[in-house]
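Notes follow the structure.
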């Protein structure tokens, strides 16, 4: 009951349909952001004309509905909680990271000017963390961290997805005494999870009882986004990703 819920659930049906139309144009149909903003404005105008009474007035319910409809597709997408919580860390060349701070009421991240990491007791890195001028500074290098708790709570807020994740453990537990399949299709058919111990001595990890037991795969990869050409650019881009193996492959 404490899991995050999408704000869209708090709106009336007309607002939900209007928001879905705007987001569907952007996410599924690939309509540009400016065109989606125009669509949201047109939807608001159409509803205003449909609600308007003969005296050109609106009742309180219709007025509230119009107030709920945002004028931009970005605001509409936010109502569906499509994007997770992220933290943009500033990264020094020595690989020390610095989380952002925010002034009260501001959404602009602020960072220290220089790295204060001490590789030894007598030395300080002192490398500049920011670039820019005229007060417009940004990190020289950024690590965008996707909050794991936000990601997991987003999965568990969907009861159907939670049931699928639990079913992976239950299916393995039901077949734990059966021979291991000769062809492995999912991680839950592999020998490791069939033998992996749980938190209680003598119990298996997949013997979850009333708990949720979730398995994740961590992947780290660095690559050159500009291609591997001889004497070419040497830009390096790194990705650290995590996937829940309880979910079906498809």
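Read-outs: derived from the displayed coordinates by stated rules, not from any lab. Bear in mind that the values here come from a model prediction, so they are computed numbers and not experimental data. Here the Cβ positions follow ideal geometry from the backbone for every residue, glycine too, while neighbour counts run over all protein chains shown.
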Task: region 1-124 - Rg (one decimal) and Dmax (whole number), Cα, Å - done: 22.0, 80
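Ranked by Cβ crowding within 10 angstrom, fewest neighbours first, how are 124, 113 ordered? List each step's numbers first, then the result.
Details: 124 12, 113 9.
Final ranking by Cβ density, sparse to dense: 113, 124.
Mean separation of Cα pairs under 8 Å and 6+ residues apart, divided by the residue count of the chain: what relative contact order is that in percent? Mind dumping the intermediate values first?
Working: 294 pairs, mean separation 32.5, N = 250.
So the answer I get is 13 percent.
Sum -39500 (n - 2.57) across every DSSP H segment of at least 4 residues in the chain, then divide by the residue count to get the 222 nm mean residue ellipticity, nearest 500.
Details: 7 runs with 79 residues, N = 250.
Computed mean residue ellipticity for the chain: -9500 deg cm²/dmol.
Considering every pair of different Cα atoms, what Kirkwood radius, in Å, is found for region 128-250?
Hydrodynamic radius (Kirkwood, Cα pairs) of region 128-250 is 18.3 Å.
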Task: region 177-212 versus region 33-52: alpha-carbon centroid distance in Å - done: 53
TODO: Please work out which option in (1) 1, 6, 11, 15, 17, 14, 12, 9, 7, 4, 2, 1, 0, 0; (2) 1, 6, 12, 15, 18, 17, 14, 10, 5, 1, 0, 0, 0; (3) 1, 5, 8, 9, 10, 11, 12, 12, 11, 9, 6, 4, 2, 1, 0, 0 gives P(r) over Cα pairs in 5 Å bins from 0, in percent calculated from these coordinates, and answer with its label.
DONE: (3)
Task: Ranked 215, 87, criterion: other C-beta atoms within 10 Å, fewest first - done: 87, 215
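Multiply the residue separation of residue 117 and residue 51 by 0.36 nm, subtract the distance between their alpha-carbon atoms, and state the gained length in nm to one decimal. Don't jump to the answer; show the numbers that get you there.
On the way: separation 66, 0.36 × 66 = 23.76 nm, distance 6.12 nm.
Computed gain between residue 117 and residue 51 is 17.6 nm.
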Open item on the list: Under 4 °C and 1.567 mPa s, how fast does region 7-78 diffuse according to Stokes-Einstein, given a Kirkwood radius computed over C-alpha pairs? Answer in µm²/s, whole number.
Closed with: 104
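What do you get for Rg/Rh of region 86-142 when both radii come from the Cα atoms and Rh is the Kirkwood radius?
A ratio of 1.00.
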